[in-house]
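Student: Handing you a structure now.
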Amino acid sequence: MNLLEQELDYPFGAQMPDSGSTLEVAPGVRWIRMALPFALDHINLWLLADEIDGVAGWTVVDCCISREEAKAQWEAIFAHELQGRPILRVLVTHMHPDHIGLAHWLCERWKAPLWISATDYYAARLGSQSTTGFGGPDSADFFVAHGLSDEGKLAEIRGRTSYYPSMVPAVPRRFHRLMDGATVRIGAHDWQCISGYGHAPEHMALYSPAQGLLLGGDMMLPRISTNVSVFDQEPESNPLQLFLDSIDRFQALPADTLTLPSHGKPFRGLHTRIRQLHEHHRDRLAEVLVACQAQPCSGADILPIMFKRPLDAHQTTFALGEAVAHLHALWFKGQLQRRRDADGVYRFQATVA
Ligand SMILES: [Zn+2]
């Protein structure tokens, strides 16, 4: 546990569901944990007791990436954890591969509908047919414009043209739209949709007032900070400001809300975590501003300031996207100005020394 985590309460301690099984975290709410083959090595998925048209069953929240290990784990859950009831609905918080990868497989297998925000649905449909900002020539050009010059990493990024489809080979052909402010009835409880921005196009968290539960998705994580990146498709975006504004919306929820995050463990201390995340980004922004006061900096120049460890090509795409997000937040505020130099690289300089 790091120092910041010590300010949070993990009501289940070190308890976690075993592979292929579930752990009840509230009546009718079960926690599933699946392995991921990345540095971020797991994702949490949830089973909510449901009843639709008089049929008792389950709503699944998020799916894991498409791969045999995850399907096998789902099979074990179908066999032992559903109490003989079907999956009635597949609800996805956002379009990232670890969340939507197996939605097509789950929906097809159970003849269940997909519930997701419209923006993320279309982004996933498009992404499953081509690359999406994590690779390919457009992505490499974007990183070059932000100062990445390592030819090996650029070649790897350029060559990665089917990264998203490799984890999300298909997306269901139809969906039910989740919208901010809408209420979804799941079994005995109402869940309110809370949209969030800056991490995915239109992320949906769900809050159950009666149970005091927040399905936070990737917008409210206890241990790591959510990735907030500028991508090549939207090169002049300000995702960090969107993210910070979005997490402030959770401030209205009760302090003792139990947050069920997509990574890490269920926790209490929602308001504390909102403050910690603001402080984290405030400190990063201050470091970036100091660097840009000393000399004009590209995104690549900011990398070693924000990330004090070696990064491989995959990590570089995330890290550089984050570095540009911090530069843009300061640029949009007027604290930095941007220029494009003769070498084609964007550099940012403090407007006040
Ligand atoms: Zn995500």
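Student: Collect the residues in the stretch 7-32 that are among the aliphatic types (A, V, I, L, M), in contact (Cβ under 8 Å) with a residue 12 or more places away in the chain and part of a loop (DSSP other than H, G, I, E, B), keeping them in residue-number order. Break it down into steps so the answer makes sense when it comes.
Tutor: So the first thing to find is which residues in the stretch 7-32 are among the aliphatic types (A, V, I, L, M), and the list is 8, 14, 16, 23, 25-26, 29, 32.
Narrowing further to those that are in contact (Cβ under 8 Å) with a residue 12 or more places away in the chain: 8, 16, 25-26, 29, 32.
Within the stretch 7-32, L8, M16 qualify.
Student: Would it be correct to say that A170 is touching a strand residue (DSSP E or B) at 6+ places or on another chain (Cβ under 9 Å) and either over 25 Å from P86 (Cβ atoms) or small (G, A, S) (or both)? If you could, list the steps in order and put the result at the bottom.
Tutor: Details: touching a strand residue (DSSP E or B) at 6+ places or on another chain (Cβ under 9 Å): no; either over 25 Å from P86 (Cβ atoms) or small (G, A, S) (or both): yes.
Answer is no for this residue.
Student: So in the stretch 109-133, with the set limited to residues that are in contact with a Gly (Cβ under 9 Å, 6 or more places away or on another chain) and within 14 Å of the ligand (Cβ to nearest atom), which one is nearest to G198 (Cα to Cα)? Give the derivation first.
Tutor: Our first condition is that a residue be in contact with a Gly (Cβ under 9 Å, 6 or more places away or on another chain); within the stretch 109-133, this holds for 110, 112, 127, 130, 133.
Next cut, within 14 Å of the ligand (Cβ to nearest atom) only: 127, 133.
On the way: G127: 18, G133: 14 Å.
Of everything passing the filter in the stretch 109-133, G133 is nearest to G198 (Cα to Cα).
Student: Using the structure shown, decide if E279 is under 30 Å from D343 (Cα atoms) and open to solvent by 50 Å² or more (accessible area, probe 1.4 Å).
Tutor: On the way: under 30 Å from D343 (Cα atoms): no; open to solvent by 50 Å² or more (accessible area, probe 1.4 Å): yes.
No.
Student: While we're looking at this one, here's another question. Whether any residue in the stretch 313-324 is within 19 Å of N238 (Cα to Cα), open to solvent by 60 Å² or more (accessible area, probe 1.4 Å) and not β-branched (V, I, T) is what I want to check.
Tutor: yes
Student: Those residues that are within 11 Å of the ligand (Cβ to nearest atom), under 21 Å from L91 (Cβ atoms) and assigned to a loop (DSSP other than H, G, I, E, B), I need them from the stretch 202-234; list them, please.
Tutor: Across the stretch 202-234, the qualifying residues are D218, M219, L221, T226.
Student: Of the residues that sit in the stretch 127-140 and are in contact with a helix residue (DSSP H, G or I) (Cβ under 9 Å, 6 or more places away or on another chain) and in a helix (DSSP H, G or I), which one is surrounded by the fewest Cβ atoms within 10 Å (Cβ to Cβ)? Walk me through how you get there before you give the answer.
Tutor: Within the stretch 127-140, the subset in contact with a helix residue (DSSP H, G or I) (Cβ under 9 Å, 6 or more places away or on another chain) is 127-137, 139-140.
Still in the running and in a helix (DSSP H, G or I): 127, 137, 139-140.
Working: G127: 23, P137: 13, S139: 24, A140: 21.
Out of the qualifying residues, it is P137.
Student: Among (1) away from the ligand (no atom under 16 Å from the Cβ); (2) modelled with pLDDT of 95 or more; (3) open to solvent by less than 20 Å² (accessible area, probe 1.4 Å); (4) touching a Leu at 6+ places or on another chain (Cβ under 9 Å), where does I157 come up short?
Tutor: Result: I157 fails condition (2) only.
Student: Only one of these is touching a strand residue (DSSP E or B) at 6+ places or on another chain (Cβ under 8 Å) and not acidic (D, E): T183, T161. Name it. Reasoning before the result, please.
Tutor: Working: T161 fails: touching a strand residue (DSSP E or B) at 6+ places or on another chain (Cβ under 8 Å).
Within the list T183, T161, the selection yields T183.
Student: On the given criteria, is G269 touching a strand residue (DSSP E or B) at 6+ places or on another chain (Cβ under 8 Å) and open to solvent by less than 60 Å² (accessible area, probe 1.4 Å)?
Tutor: On the way: touching a strand residue (DSSP E or B) at 6+ places or on another chain (Cβ under 8 Å): yes; open to solvent by less than 60 Å² (accessible area, probe 1.4 Å): yes.
Answer is yes for this residue.
Student: Can you name the residue in the stretch 337-353 that is of a type in the set (G, A, S) and under 22 Å from E287 (Cβ atoms) and, of all such residues, is most open to solvent (accessible area, probe 1.4 Å)?
Tutor: Filtering the stretch 337-353 for residues of a type in the set (G, A, S) gives 342, 344, 350, 353.
Then drop every residue that is not under 22 Å from E287 (Cβ atoms), which leaves 350, 353.
On the way: A350: 15, A353: 119 Å².
So the residue we want is A353.
Student: Within the stretch 286-302, is there a residue that is outside any loop (DSSP other than H, G, I, E, B), touching a residue at least 40 places away in the same chain (Cβ under 8 Å), within 16 Å of the ligand (Cβ to nearest atom) and surrounded by fewer than 22 Cβ atoms within 10 Å (Cβ to Cβ)? Steps first, answer last, please.
Tutor: We begin by selecting, within the stretch 286-302, every residue outside any loop (DSSP other than H, G, I, E, B); these are 286-294, 297, 299-302.
With the extra rule that they be touching a residue at least 40 places away in the same chain (Cβ under 8 Å), the set shrinks to 288-289, 292-293, 297, 299-301.
Then drop every residue that is not within 16 Å of the ligand (Cβ to nearest atom), which leaves none.
Checked the stretch 286-302: no residue is outside any loop (DSSP other than H, G, I, E, B), touching a residue at least 40 places away in the same chain (Cβ under 8 Å), within 16 Å of the ligand (Cβ to nearest atom) and surrounded by fewer than 22 Cβ atoms within 10 Å (Cβ to Cβ).
The values are calculated or read from the model by the stated rules, or taken from the named source; none is laboratory data. All of these numbers come straight from a predicted model, not from anything done at the bench. Here the Cβ is made from the backbone with ideal geometry for all residues, glycine too, and neighbour counts use every protein chain on show. Heavy atoms of the whole protein, side chains included, go into the accessibility calculation; ligands, DNA and RNA do not. Shrake-Rupley method; radii C 1.70, N 1.55, O 1.52, S 1.80 Å.
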